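Working notes for the structure below.
The values are calculated or read from the model by the stated rules, or taken from the named source; none is laboratory data. Small disclaimer: the values here were computed from a predicted structure and weren't measured. Cβ placement follows ideal geometry from the backbone for every residue including glycine, while neighbour counts extend to all protein chains displayed. To get the accessible areas, we keep the full protein, side chains included, count just its heavy atoms, and leave off ligands, DNA and RNA. Shrake-Rupley method; radii C 1.70, N 1.55, O 1.52, S 1.80 Å.
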Amino acid sequence: MSRITAEEGLKPATGVPVAKTDPDAPGWRGLLKKGNFRDYGLMIALVLIMLFFEYTTHGVLFQPLNLTNLILQNSYVVVMALGMLLVIVAGHIDLSIGSLVGFVGALAAVLMVNYNVNYALATIMCLAVGGLIGASQGYFIAYLKIPSFIVTLAGMLVFRGLTLAVLQGASVGPFPDFFQLLSKGFIPKLNGFDLSLPIAAVLWLILVGTGWRRLSNQRKHGVVAESVGSFLIRNGVIGLVLFGFAFQMTQYRGLPNVLIIMFVLIMLYRFVTNKTTIGRRIYALGGNVKAAKLSGIKTERLTFLTFVNMGVLAGLAGMIFAARLNTATPKGGVGFELDVIAACFIGGASAAGGVGKVTGAVIGAFIIGVMNNGMSIMGIGIDYQQVIKGLVLLAAVCLDVYNKNKA
Amino acid sequence: MAAILEMRGITKTFPGVKALDNVNLKVEPGEIHALVGENGAGKSTLMKVLSGVYPFGSYEGEIFYEGQLSKFRDIAESEHVGIIIIHQELALVPLLSIAENIFLGNETSRFGVIDWDQAFARTRDLLKTVGLDENPETLITNIGVGKQQLVEIAKALSKKVKLLILDEPTASLSEKDSDALLSLLLNFKKQGISSILISHKLNEISKVADQITILRDGTTVETLNCHTTEINEDRIIQGMVGRDMAHRYPPRTPKIGETLLEVKSWNAHHHLHADRLVVKNINFTVRKGEIVGIAGLMGSGRTELAMSIFGRAYGQGISGTVRMNGKDADVSTINKAIEAGIAYVTEDRKQLGLVLDENITKNTTLANLPGVSTAMVIDEDKEYGVASDYRTKMRIRSFGVAQQTVNLSGGNQQKVVLSKWLFTEPQILILDEPTRGIDVGAKYEIYAIINELADQGRGVLMISSEMPELLGMCDRIYVMNEGKFVGEFPAAEASQETIMRAIMRSKELH
């Protein structure tokens, strides 16, 4: 982000020792330094972690069934990480989303199972309830200026309690078949032909296309972007991974529906954060709320909206989660907020606000997900799983701070 | 008598930049030694070398303190021998008392238990020495910046200071507080305490300094002895910028048109205390092509007036009317004020003006994003064009427009803020202390920009605590004191004396 060209203007003093890591140096080091180190570093870390678990689980990790599980298990974390990223960039935090997942799941179950409400209507109602809850919390935070930590901590207790109340302490299920497709459905085959590979090709082309546009824009605007070579290598690797993944998926039941929902949401939020005025204003608000306000930005309304958005996404995640388990349980979603927040921070978001990327948060979510999955297969107990996850979070943020100070 | 401090051939290199190149500085015992230079000339770096922030070994050259070669490894070591730095940004804890702050890290304690009786007694003595009449138990947050500065000095005195270094101590002080501070320095001089005074305010320096060392681009230009050579501001500026600055203000022939902004019976109350009126029944006008100044002391209500007009960004219980081009204007929110054609450039560009983590482009378009987007989608080509355009026009010195604003110098940051507001196409620009903390060369450029804006037919309302600046730039000057306008002078009739007299007379009437 901060790398710049010396096309004109200031020149460094003469006779000065060259910095040790020359950004123009050839080879991998130069490649890493030149573009956005943060993005590459994360992606490489994810790949290394996957390879590590592929080895230690004796090949179980990449098996079609397990890959499918990995996607299904992580979909709700990814969905919520998108909302949490905006909340964190705006300079806030939301601790209530785990309870929200439980509450909305419970609500969906009670509506559909106990009251036989139509699944479509129930889905819309649940999303609306998520939004309303987000709005009520956002109102306290944005307009009454109560710290988000406190408001959402209260929300965490309130909605966990309401989950128990709605379910009357028992699990409710199963859901109607069609609703289950949200989590358990797969893209249907076309005359027996699995669409996974064509879909992967389309996704890859979209990624390469948008990436290329961004790269050429950056070059035009004098930002030091990555070289064409490294762009090709990077997208080549992504392509290989994508096609390899899609191929593995064809060996099981194809691409899960929820993967498509996820992909669409990721692209949407990337677009909103990078290209739209509302995205830009959220970053400005998180970077310096006073300056943003004096520039005519309605900071309160924007903060309010990020929490409404978070509520809706948590509602969606709650339904995906409930559909996957096929029951709503009083314990549903406990501790989810921690995985989601960790994903954002591993992905490079700053706790001070103003900094963070959608791509980073998504990769962060997958790093957490692969670790959860891999360690479970390896048979590591829940006790040490938490220890390891905590240490990885700390290490990622330390590395981030170290890089920032060096720059 | 031997010098108390001699720095010889100091060279300090950062990766990519030589910040100091063979700098020499010699301070005699009991003298006030002024250190001047443009921003980035190396003054602060030199003082960091002296105080051990950059430890021995990280620089070349030698430091002799009281005749001995000194190798300070950190601030504690330099403080131990009596070198105390008071930084521009005060290092006080707002919610602790004066006494607690003075002895912070240096508590009078036995076995970790603080002896408060002794602390308060010593604080009272110290406060008396610096001439501050406050209760030691008063919280720092409840006293003004001027008094906080004095607390910092009292803190330095508590540590048995021999060499006091003040980094721009009067930058945010009113004239009266500055004078008090300077006479305190003169007092210390009599007691044999030497001081190094870093300041941009050359009139103060010529008043108190015994010697002046001028830095430019990391090298020592010269050291002037104030007792043997004739010193005036122009002489110092010449050394600082390496050229003769006969004209500190760019020339301009005003082309003044009809009335643009008219504010009538404007009142505003304090943002916390609803019963305290801080802007009292203000009436004023700004015409097209006119630069109007508001003079006054710190805390006279100038910023409060400006911000309350700019979409009620300050205060409550605001009343009065604003007319633009003869028509009533709605300025009830910041957005509406911007739409009405008003721009407000804050006095604090780092806290209120810029998003420092973001680059020049994003800061430039922040107040007018719709101007570079269609249906809420930002057109990055257009945005880049706008930012580059302003960068060229304003002569912002940076590596392109993708540079983060946090890395720019004060003058260039101010130009980015000005670009942001010009992109909203304002008719009226309210500039609050537009050149605060900016070096002489960059000031001239900002002045030239202001002149050009007026020549384009915009109205400029300029708030400044530096009276020469107002006198050099404005066509008309209002004088504000304690929330009221107490005088109005056309440029021809205004002088420092008339303005001060207007302020003083208004005080007598109370």
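Per the Kirkwood formula applied to alpha carbons, region B:174-263 shows a radius of gyration over Rh ratio, Rg over Rh, of 1.14.
Give the percent of DSSP beta bridges with both residues in chain B that are antiparallel, rounded to the nearest 5.
Numbers: 47 of 81 bridges.
If I count the DSSP bridges inside chain B, around 60 percent turn out antiparallel.
The value of relative contact order for chain B, using C-alpha pairs under 8 Å at least six residues apart, is 14 percent.
Here the Kirkwood formula, the inverse mean of 1/r across different C-alpha pairs, assigns region A:175-281 a hydrodynamic radius of 16.0 Å.
A straight line joining the Cα centroids of region A:89-123 and region B:442-498 runs 61 Å. Counting only alpha carbon atoms, the long axis of helix B:116-130 and the longest principal axis of chain B meet at about 70°.
Here, chain B yields an orientationally averaged convex hull projection of 26.9 nm² when only Cα atoms define the hull.
Taking all protein chains together, B:LYS207, B:LYS443, A:LYS189, B:LYS128 sort by accessible area into B:LYS128, B:LYS207, A:LYS189, B:LYS443, largest first [probe 1.4 Å].
Using alpha-carbon positions, what is the distance between the centroids of region B:295-347 and region B:74-140, in Å? Their Cα centres are 40 Å away from one another. Using a Förster distance of 25 angstrom, determine the FRET efficiency expected from the C-beta separation of B:LYS26 and B:GLU230, and round it to 0.05. With a Förster radius of 25 Å, E is 0.75.
Output needed for chain A: three equivalent-ellipsoid semi-axes, defined as square roots of 5 times the C-alpha gyration tensor eigenvalues, in descending order, whole Å.
Working: eigenvalues 261, 154, 78 Å².
Each semi-axis is the square root of five times an eigenvalue, giving 36, 28, 20 Å.
Here the mean projected area of the convex hull built on the C-alpha positions of the protein assembly as shown is 44.3 nm².
Other chains' Cβ within 10 Å of B:388-401 residues: what's the mean? All intermediate terms of the calculation are to be shown ahead of the outcome.
Numbers: counts 2, 0, 0, 1, 0, 0, 0, 1, 1, 3, 4, 11, 10, 4.
Counting other chains' Cβ atoms within 10 Å and averaging over B:388-401 gives 3.
Could you work out the percent of alpha carbon pairs in region A:201-255 separated by over 19 Å, rounded to a whole number? All intermediate terms of the calculation are to be shown ahead of the outcome.
Details: 577 of 1485 pairs.
Within region A:201-255, distances greater than 19 Å cover 39 percent of Cα pairs.
The figure for A:MET371 is an accessible area of roughly 10 square angstrom, using a 1.4 Å probe on the protein chains alone. For region B:71-151, the solvent-accessible area works out to 58 Å² per residue, with a probe of 1.4 Å and every protein chain left in place. Computed on the Cα atoms alone, the convex hull of region B:204-333 gives a volume of 181 cubic angstrom per residue. When Rg and the Kirkwood radius Rh are both evaluated on Cα atoms of region A:331-395, their ratio Rg/Rh stands at 1.00. For chain A, modelled as a GNM whose springs connect Cα atoms under 10 angstrom apart, the maximal fluctuation among A:TYR143, A:TYR252, A:TYR384 occurs at A:TYR384.
Count, for each residue of B:356-368, the Cβ atoms from other chains sitting within 10 Å of its Cβ, then give me the mean as a whole number.
Details: counts 4, 12, 9, 4, 1, 2, 4, 5, 0, 3, 12, 7, 2.
Counting Cβ atoms of other protein chains within 10 Å of each residue's Cβ and averaging gives 5.
Take every DSSP beta bridge whose two residues both sit in region B:5-241, then give the antiparallel share in percent to the nearest 5.
Values: 23 of 40 bridges.
Antiparallel bridges make up about 60 percent of those DSSP assigns within region B:5-241.
Working from the Cα coordinates of region B:302-415, the gyration tensor eigenvalues give, after taking √(5λ), semi-axes of 29, 18, 12 Å in decreasing order. Could you pull out the pairs from A:LYS220/B:LYS362; B:LYS350/B:LYS443; B:LYS48/B:LYS159; A:LYS290/B:LYS420; B:LYS26/B:LYS147 whose alpha carbons sit more than 21 Å apart here? The answer is B:LYS26/B:LYS147.
What the Cα atoms of region B:259-508 give is an Rg and a Dmax of 18.0, 60 Å. Span-like helix check, chain A: qualifying full DSSP H segments, with Cα axial length of 24 Å or more and mean Kyte-Doolittle of 0.5 or more, are A:37-56, A:64-89, A:119-142, A:148-167, A:228-250, A:257-275, A:299-325, A:358-378.
For region B:393-510, the C-alpha radius of gyration sits at 1.22 times the compact-globule guess of 2.2 N^0.38 Å, with N the residue count.
How many percent of all Cα-Cα pairs in region B:419-470 sit more than 15 Å apart? Present the calculation step by step, with values, prior to reporting the outcome.
On the way: 620 of 1326 pairs.
Cα-Cα pairs of region B:419-470 separated by over 15 Å account for 47 percent.
Remark on region B:5-241: hydrodynamic radius 18.5 angstrom, per the Kirkwood mean of 1/r across alpha carbon pairs. Here the label points at A:ASN118 and A:TYR384, each 7 Å from Cα along the C-beta direction, are separated by 5.3 nm in the simple model.
Within the set B:LYS255/B:LYS484; A:LYS357/A:LYS389; B:LYS327/B:LYS382; A:LYS298/B:LYS280, which residue pairs have Cα atoms separated by over 27 Å?
Details: B:LYS255/B:LYS484 29 Å; A:LYS357/A:LYS389 21 Å; B:LYS327/B:LYS382 33 Å; A:LYS298/B:LYS280 29 Å.
Correct reply: B:LYS255/B:LYS484; B:LYS327/B:LYS382; A:LYS298/B:LYS280.
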